[in-house]
Every structure is written in structure tokens, then in C-alpha cells.
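The values are calculated or read from the model by the stated rules, or taken from the named source; none is laboratory data. Everything numeric in this text was worked out from a predicted model, so none of it was measured. Don't worry about glycine lacking a Cβ; one is built from the backbone with ideal geometry, like all the others, and counts go over all protein chains shown. The accessibility values were calculated without ligands, DNA or RNA, using every heavy atom of the protein model including side chains. Shrake-Rupley method; radii C 1.70, N 1.55, O 1.52, S 1.80 Å.
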Amino acid sequence: MDRQNALFTIRVATAADIPVLHALIEASVRGLQANDYTPAQIEGALGTVLGLDTQLIADETYFVVQAINASGEKVIAACGGWSKRKTLFGSDRAAVREPEFLDPTTDAAKIRAIFVHPDWARRGLGTLVLETCENVAKAAGFSRFEMGSTLTGVPLYKLRGYHVIEPIEVPLRNGESLPVIRMAKSLAR
């Protein structure tokens, strides 16, 4: 672990974290994705396409990164997870849910819902969450990973070895659509 990451701890998210995670995700989307999406797209996507899937918390595959803020308080600065289920992206209220389990010998683990609070952006927290997810999924037998990335996340994921599979236009409840990029990565065998 490098010196910068020594300032942060990562742990499995719990049900007690849910209210904080909802607020963090909204702050992240509004603060960090405004250059890639219109206000109407953000409003239409929050809580459905861009939001918390509590199944990941129940499955113990969702993580939070804790940090100490300027007041000396421990805060959740980032979150994200992976899934052993078929759902590619979206919150509890997403239109499409595929709760069936994946087979690690033939399927790709799903990297899901990585968000960083704007106050903690560009400190390596997205990478920390991504690496944690990949390592835990690998320990569970997965050698391939897939995600539905926001436009904002694509540069990071490309740097971490992911490649674009296809763009997806996700219809939103307000009549807008949200461009999402399906990406994948395979581990060397």
C-alpha cells in the first residue's frame, strides 16, 4: 500500500451505511459527472441507473473507503463493489434486474457502482475500490470482469486495463437517455 492510500481504510459496507451512501452517490454524480451528462440526464438517472443496489450490501460485495476529514471525523469518502449476479448496473429501483448468480468459470464478475465524493476526488480512491473488487472477485474464482461505466469513469477504467465492448443508451424515467459504456477486462492466465 502506498503512503497516500495509508490515509484511507476500506471495509465491507453494512446496512448502517445506506443513508450515507445515498448522499455520497448523489454528491458524486452531481459534482463529478456534470461535465459528461446534462442536468436532465443526471436527474433522470439518480436513484435508478445511478444509485445504490442494496443487494450488493446483502451479498457483502460492496465496499466503503473511510477517511479522516479536516475536523478529525471518520467519513465515507468513496464506495463501490462487485457482483456475482447478472445485473450489470443500476440501483434497487432500476428497471432491469437480473438477480441470478453468475458462474465464475464462464461468466464475468460485474464491477458495480463505484462513486467518489467530490471532496475526495483524484486521490486514488476509485482505483483502490476497483483493485479491491477485482482481488475479491478473483479470490471467488472469477478471471473476467465486466461493467457498465459512466462516461466519467471510462478514462480510469481504460488505464486499469478495461476495453470498450459497446455503448449502451439507457432510457430514463423522464424521457431522456443516459449513455453508458459496457467495458470488460480479462486477467492473464
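A compact table of results
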{"read-out": "Residue under evaluation Leu128, criteria (1) of a type outside the set (D, E, K, R); (2) assigned to a helix (DSSP H, G or I); (3) open to solvent by 50 Å² or more (accessible area, probe 1.4 Å), criterion not met", "value": "(3)"}
{"read-out": "Qualifying positions in the range 149-180 - within 21 Å of Arg122 (Cα to Cα) and outside any loop (DSSP other than H, G, I, E, B)", "value": "Ser149, Val154, Pro155, Leu156, Tyr157, Lys158, Leu159"}
{"read-out": "Glu43, sole failed condition from (1) modelled with pLDDT of 95 or more; (2) surrounded by 13 or more Cβ atoms within 10 Å (Cβ to Cβ); (3) assigned to a loop (DSSP other than H, G, I, E, B); (4) not β-branched (Val, Ile, Thr)", "value": "(3)"}
{"read-out": "Residues within the range 46-69 that are closer than 17 Å to Lys86 by Cβ and either open to solvent by 30 Å² or more (accessible area, probe 1.4 Å) or not hydroxyl-bearing (Ser, Thr, Tyr) (or both), tallied", "value": "7"}
{"read-out": "Answer residue from the range 70-86, given it is charged (D, E, K, R) and closer than 19 Å to Gly141 by Cβ and is most open to solvent (accessible area, probe 1.4 Å) among those", "value": "Lys86"}
{"read-out": "Pairs with Cβ under 9 Å, 6+ apart, first in the range 68-81 and hydroxyl-bearing (Ser, Thr, Tyr), second surrounded by 10 or more Cβ atoms within 10 Å (Cβ to Cβ) and in a strand (DSSP E or B)", "value": "none"}
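Quick grid of which residues meet (1) open to solvent by less than 50 Å² (accessible area, probe 1.4 Å); (2) farther than 28 Å from Gly31 by Cβ; (3) under 16 Å from the mean Cα position of the chain (by Cα); (4) modelled with pLDDT of 95 or more:
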{"residue": "Leu88", "(1), (2), (3), (4)": "yes, no, yes, no"}
{"residue": "Glu100", "(1), (2), (3), (4)": "no, yes, no, no"}
{"residue": "Val116", "(1), (2), (3), (4)": "yes, no, yes, yes"}
{"residue": "Ile168", "(1), (2), (3), (4)": "yes, no, no, yes"}
{"residue": "Ala184", "(1), (2), (3), (4)": "yes, no, yes, yes"}
